[in-house]
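Every number in this text was worked out from the coordinates using simple rules, so none of it is lab data. Treat the numbers as computed from the prediction; the structure is a model and nothing was measured. Note that each Cβ is placed from the backbone with ideal geometry, even for glycine, and that neighbours are counted across all protein chains shown.
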Amino acid sequence: MGDYRNIDQLRTNELAVVKKGFWKPEFELTDGQFVYAKLRYRSNFKRDAIIETPQVTYTIKRKGWFNRTILVNKGEDETIGTLVPETWKRDFNLKMDNGFEATYLYKKLFSKSLSLTNDTQGDILQITQKAFNFKQPYTVIIDQVTQQANTPPLPLLAFMGLVIIMLRQQQAATQ
């Protein structure tokens, strides 16, 4: 948990995801000056993602080899939520153990942006993919400024969306 800045000190609503490395890339959530979190994968198969924030390290794992559910863990083994893909849709439902529920969804058919929406808070954030930009392939726009008490940290929500995007890219590449 290196030199990360706390997300509470964020002064802008647009963040960039910077890709570092080619064979085993790491992704940093930054505003151009400070780094707020880092995403890396444990192996080349990209089954387990590790999210490092200033306070806590999170792990995102598949529930099993043939199960579509994704577990969100605090540390290695403490499960704090699940990401469940909907059948016949591109949406993912996020259910946290503290009662927070939201949906990652593409609002349009050929959209390059993934939105996180909640029934009570509305749009929380939006992750947009940039075409032909290899160093900063994604931008995160935070729509919701005030956070409720049970809302997970924004870097965790942003990187869970990035894991969903890269999972969809892997699935599209195999077909």
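Miscellaneous remarks
- Estimated purely from DSSP H runs of n ≥ 4, each contributing -39500 (n - 2.57), the mean residue ellipticity at 222 nm for the chain is -4000 deg cm²/dmol once divided by its residues.
- The packing ranking, built from the mean of other Cβ atoms within 10 Å per residue, places the peptides 31-39, 59-67 in the order 31-39, 59-67, highest first.
- With K and R counted +1 and D and E -1, the other residues having a Cβ less than 12 Å from that of Val35 yield a net charge of -2.
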